[in-house]
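Participant: Would you mind keeping the following structure in view while I ask a few things?
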Amino acid sequence: MIHPAELAELEAFRDLYAVAPASLGARSAELGGALCLRLETDPRSAMFNRVLGLGLQKPAADHALDRIASFFGGGLAWAVALAPQAEPAELPAWLERRGYTRGYGWTKFSRAAGAAPQAATELRVERVEEGDAFAEAFVRGYGTPEFFRDWVARLPGRPGWHCFVAFDGADPAGVGALYVTGTVGWLGIAATVPEHRRKGAQSAILAARLDAAVEAGCEVVASDTGEPRWASPAGRGATSRAPASRRSTCGRTTSARRTRTRPADSARGGCPRGP
């Protein structure tokens, strides 16, 4: 059984790619029990060119790694997100033998669904069913290329997605989404427009999303974030199973660091970006 924190992100990105405009070259495929994602219009982003769920639904097979590599081909900066519970135990060694090197950690958080204290803010938070304001806050908040605008604008009103915008008057100031799959909710796509930061937008949007998760029948909510490369030596170096398998609990929130690996000959760029 896949951990809820892994399942939430995987299913959210599966649906995100299902709604992508055809012109972006966004493709997904199930290979070797993993979800493989590629985005031809952003070939240097390992956030949008990556493998999710490898070794979780079933133990990964050595030969499946060749099929996955063929899906991506050359010229992409792509990565394998390796969860702490991925099987078999030899999987990191298989990746190393194929020239993969360890990237930064990707930390997952999960907690029981429940209402959050209401945040103090002068901003107005609304659940939106149309995409213009949602896309505006996303693109400006993340500083993404313009082609993301039409893509994320398709999420509000789509089954499973609960999209929120914080407004300062008529101006979109911040954005955040909840994706629900079964009884699990994924909290993602959270960004604040630069001139509206430090106004409580994300605290208010988080509270609204947690309330929406309860209304939608979620039992668990999960989120994730990249670990800064400079934060700890454990986030750098060769692929290793041990550092990635540490798990800690604080209250009702559980976190686990997941290893990202990428082929040594993949296109090089800066830190992957994305929601």
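The values are calculated or read from the model by the stated rules, or taken from the named source; none is laboratory data. No experiment lies behind these values; they were computed from the predicted model shown. Positions of Cβ are generated from backbone atoms using ideal geometry, with glycine treated the same way; all protein chains shown enter the neighbour counts.
Participant: Out of E30, E9, E40, I need the residue that is over 18 Å from F71 (Cβ atoms) and not β-branched (V, I, T). Which one?
Facilitator: The unique qualifying residue is E9.
Participant: Continuing with the same structure: Out of curiosity, is E195 among the charged types (D, E, K, R), in a loop (DSSP other than H, G, I, E, B), without any contact (Cβ under 8 Å) to a residue 40 or more places away in the chain and surrounded by fewer than 23 Cβ atoms within 10 Å (Cβ to Cβ)?
Facilitator: Considered against the rule, which asks whether it is among the charged types (D, E, K, R), in a loop (DSSP other than H, G, I, E, B), without any contact (Cβ under 8 Å) to a residue 40 or more places away in the chain and surrounded by fewer than 23 Cβ atoms within 10 Å (Cβ to Cβ), E195 comes out as no.
Participant: Next question. For L35, state whether it is in contact with a strand residue (DSSP E or B) (Cβ under 6 Å, 6 or more places away or on another chain), in contact (Cβ under 8 Å) with a residue 12 or more places away in the chain and either under 21 Å from T101 (Cα atoms) or part of a loop (DSSP other than H, G, I, E, B) (or both).
Facilitator: Taking the combined requirement at face value, the residue satisfies it.
Participant: Condition test on V152, is it crowded, with 22+ Cβ neighbours inside 10 Å and in contact with a helix residue (DSSP H, G or I) (Cβ under 7 Å, 6 or more places away or on another chain)?
Facilitator: Against the criterion (crowded, with 22+ Cβ neighbours inside 10 Å and in contact with a helix residue (DSSP H, G or I) (Cβ under 7 Å, 6 or more places away or on another chain)), V152 qualifies.
Participant: Hey, does region 6-15 have a residue that's at pLDDT 95 or above, outside any strand (DSSP E or B) and more than 23 Å from T225 (Cβ to Cβ)?
Facilitator: No, region 6-15 contains no residue that is at pLDDT 95 or above, outside any strand (DSSP E or B) and more than 23 Å from T225 (Cβ to Cβ).
Participant: Taking E11 as the residue in question, decide whether it is in the same structural domain as L95 (by TED's automatic domain parsing), farther than 18 Å from A135 by Cβ and free of Cβ contacts under 8 Å to residues at least 12 places away in the same chain.
Facilitator: It is false that E11 is in the same structural domain as L95 (by TED's automatic domain parsing), farther than 18 Å from A135 by Cβ and free of Cβ contacts under 8 Å to residues at least 12 places away in the same chain.
Participant: Quick check on L210: is it part of a helix (DSSP H, G or I) and crowded, with 20+ Cβ neighbours inside 10 Å?
Facilitator: Against the criterion (part of a helix (DSSP H, G or I) and crowded, with 20+ Cβ neighbours inside 10 Å), L210 qualifies.
This table checks each residue for (1) in the same structural domain as I189 (by TED's automatic domain parsing); (2) under 23 Å from G188 (Cα atoms); (3) of a type outside the set (V, I, T); (4) crowded, with 22+ Cβ neighbours inside 10 Å.
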residue	(1), (2), (3), (4)
P21	no, yes, yes, no
C36	no, yes, yes, yes
R44	no, yes, yes, no
G53	no, yes, yes, yes
A61	no, no, yes, no
R67	no, no, yes, no
V80	no, yes, no, yes
Q85	no, yes, yes, no
E96	no, no, yes, no
